[in-house]
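Remarks on the structure that follows.
The values are calculated or read from the model by the stated rules, or taken from the named source; none is laboratory data. Only a predicted model underlies this, so the values are computations on that prediction, with no experimental measurement involved. Counting neighbours? That spans all protein chains shown, and the Cβs are built from the backbone with ideal geometry, glycine included. With ligands, DNA and RNA removed, areas are computed over all heavy atoms of the protein, side chains included. Shrake-Rupley method; radii C 1.70, N 1.55, O 1.52, S 1.80 Å.
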Amino acid sequence: MTEITAKTPWAGHTGDVPLHLDYFDGSMFEALELVAKKYPRNIAFDFMGRSTSYPQMIEEIKKCARSLKTIGVRAGDKVTIAMPNCPQAIYMFYAVNLVGGIANMIHPLSAEKEIEFYLNESESVTAITLDQFYNKFESIRQNTKVVNIIIASVKDELSKPVRAGYMLTEGRKIAKIPKDAPVIRWKEFMNMGKACFWNYSVKRTGDDPAVILYSGGTTGTTKGIVLTNKNFNALGQQVIAANPMFNPGDKMLAAMPLFHGFGLGVCVHTMLSQGGRCILVPRFTAKSYAKLITKYHCNFIAGVPTLYEALLRLPSMENADLSSLKGVFSGGDSLSIELKKKLDKFLYAHGAPVQVREGYGTTETVTACCLTPPHMFKEGSIGVPFPDTYIKIVEPGTDKEVPYGTEGEILLAGPTVMKEYMKHPDETAQTLRRHADGLTWVYTGDLGTMDAEGFVYFRGRAKRMIVSSGYNVYPGQIENILDANEMVQMSCVIGIPDAYRMQKVKAFVKLAAGIPANDATRQALMSYCSKHIAKYAMPCDIEFRDELPKTLVGKVAYRVLEEEEQAKRAAEAPAAPAEEEKK
């Protein structure tokens, strides 16, 4: 076991990082309320030019909680939140927590059938989404047990001048919802709370379930990961302990999405539970991200490698002043050594006193549980564990530790470890295992090594997974969707390298007898996929094959297809410079 000791890299630079922390045992809302009382003048978040203080935020959360109680949400009920990073999502997330409910966080761009699955899997009684996603929810609503759908709009949280501009641009693209639509509008919903005067608050402890995030787990089948109040509160305390340069009031650019552990756990809850200030970004591009960093003089930013890659190429960043930065974090995917060097050089050239710090974690531990120290970097390393978090490297699937420097499976233990996979007891038992040391360990399925100083090195994924723009894409899920189509006899999905996304999805399909391998078939399959697969996981291409390669036991040999793609790219690579010369 690698326990952090006083000799480890955390200690002795920007203030010693404690080995152990005393964790708050209340709910996530209570953690916010305590901070609001401590820093009543602090800004909690900014949204498109409008600031909200901590006391204002707490009051809106309570109003929202009263309204939830009024429409019948009770302790233990699941409420689906399919929202971008906006004020209504913050209010709803903590209001659900205040009434003792469980927030079911999903991607607002999910396909219709995915939304239906998430609603049914969680048995949600209420859902909230934006007006622009109304049609997707309405089309599958009859197949779920959802009683109320709350519809919010970005414009409702904008100042008058910004709202006018928004309605002339983005707002014009949103189809109007019928006046008699069976939904509750946000403003109407918030007014409902006036009928509830007391008894809306439900006492919750650290061990109570609070949030459901989704992941493929170790098998690649979508599962809800049940996380507790303590999981999130502990993460907030650990992140701040590992960043002693943080001061209450420091600003973090919260562009990572709320349905992702990184965005919800680090960018939002860590900041709000520790007195920080979130700059909420509802939908971001590298260009808008860059603009906000300099506009708000952000102190902390977090992103995936693809975002940083795009940032480096922006003309608008040429004269940017980044001297306000105290922390630049990369997660969600491996940061290549080359990109880190380029990014560090870029930060230095623009006045930033820091380098990019890579972290590692899984949704089963909310998000990051390992981070590069601010003052000590080892090439290729993803850092050392947070306080009270332990990492060990074992022979895959066993509890037998391997020597330093030897590759094995990465195991995690600590206060952020999930409660369970919802409705999947067998896989929960396979992933969470109690060892002789008394700790419950997460078997990540990831491969890595550790050196004698406790630095961890990520080596790859034992489980089959594609990481595209920081999102986990599970080939098995997409293959199941394709194979369910009557035109398809068999499919295989792989990740292929992409300069921007790191990887993109490609599907190989053996068509059913009599189906022509032409563009019309390809377009029909793409259209079918768009209804069942989120945009970020959509295949960029479908290649038809008469036969798919097989292993000795008859399974589709996806590695053969990966090798074919690599060979094809290698053969095409030398031609690129010649093409440039012709231009």
In terms of the charge dipole of region 287-417, which places +1 on Lys and Arg and -1 on Asp and Glu at the beta carbon, the residue among Y289, A320, A368 farthest towards the positive end is A320
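Quick check: residue separation of L439 and K400 times 0.36 nm, minus the Cα distance between them. What number comes out in nm?
So the chain would gain 12.6 nm between L439 and K400.
For region 152-298, what does the relative contact order come out to in percent, with C-alpha contacts under 8 Å and a separation of six or more?
15 percent.
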Geometric extent, Cα atoms of region 427-489 - Rg, Dmax (angstrom):
17.1, 55
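If M376, M256 are ordered by their accessible area, calculated over protein heavy atoms with a 1.4 Å probe, which sequence runs from highest to lowest?
Solvent-accessible surface, decreasing: M376, M256.
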To the nearest 20 debye, what is the magnitude of the charge dipole of the chain about its Cα centre, counting +1 on the Cβ of each Lys and Arg and -1 on the Cβ of each Asp and Glu?
2080 debye
Magnitude of the Cβ-charge dipole (Lys and Arg +1, Asp and Glu -1) of region 339-421 about the Cα centre, nearest 20 debye, reported as 540 debye
Roughly how many percent of the accessible protein surface of the chain is carbon and sulfur, given a 1.4 Å probe and a whole-percent answer?
52 percent
Computed P(r) (all Cα pairs; region 371-502; 10 Å bins; percent)
11, 31, 34, 18, 5, 1
For G224, list long-range residues whose amide hydrogen, built 1.01 Å from N in the peptide plane, is under 5 Å from its own amide hydrogen.
M422
Under 18 Å by backbone N from the virtual spin label 7 Å along Cα-to-Cβ at L314, the residues of region 440-484 are 469-470
Report D for region 269-373 in µm² per second (integer): Stokes-Einstein, Kirkwood Rh on Cα pairs, 37 °C, 0.692 mPa s.
228 µm²/s
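By how many nm would the segment from D207 to V560 grow when fully extended, if each residue of separation counts as 0.36 nm and the alpha-carbon distance is taken off?
122.5 nm
Order these peptides, 387-399, 558-570, 131-143, 406-418, by their mean beta-carbon neighbour count within 10 angstrom, highest first.
So the peptides 387-399, 558-570, 131-143, 406-418, ranked by packing, come out 406-418, 387-399, 131-143, 558-570.
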Select from V356, H424, Y443 the residue farthest towards the positive end of the dipole of region 324-454; place +1 on Cβ of Lys and Arg, -1 on Cβ of Asp and Glu, and compute about the Cα centre.
V356
If packing is taken as the mean number of other Cβ atoms within 10 Å per residue, what is the order of 296-305, 101-110, 488-497, 258-267, highest first?
258-267, 101-110, 296-305, 488-497
Please calculate how many Å² of accessible area the chain carries per residue, with a 1.4 Å probe and no DNA, RNA or ligand atoms counted.
43 Å²
Given the pairs K160/K504; K78/K295; K230/K251; K419/K550, which span a C-alpha to C-alpha distance of over 30 angstrom in this model?
K160/K504; K78/K295; K419/K550
Cα pair count fraction exceeding 15 Å, expressed as % - region 468-556:
58 percent
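Taking 0.36 nm per residue of separation and subtracting the Cα-Cα distance, what length does fully extending K423 through K378 add? Each step should come with its number before you reach the end.
Details: separation 45, 0.36 × 45 = 16.20 nm, distance 4.05 nm.
Residue separation times 0.36 nm, minus the Cα-Cα distance, leaves 12.1 nm.
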Identified option (computed mean projected area of the Cα convex hull in nm²; candidates (i) 31.7; (ii) 29.0; (iii) 30.4):
(ii)
Keeping all protein chains in the complex and leaving out DNA, RNA and ligands, what accessible area do you get for K63 with a 1.4 Å probe, in Å² to the nearest 10?
70 Å²
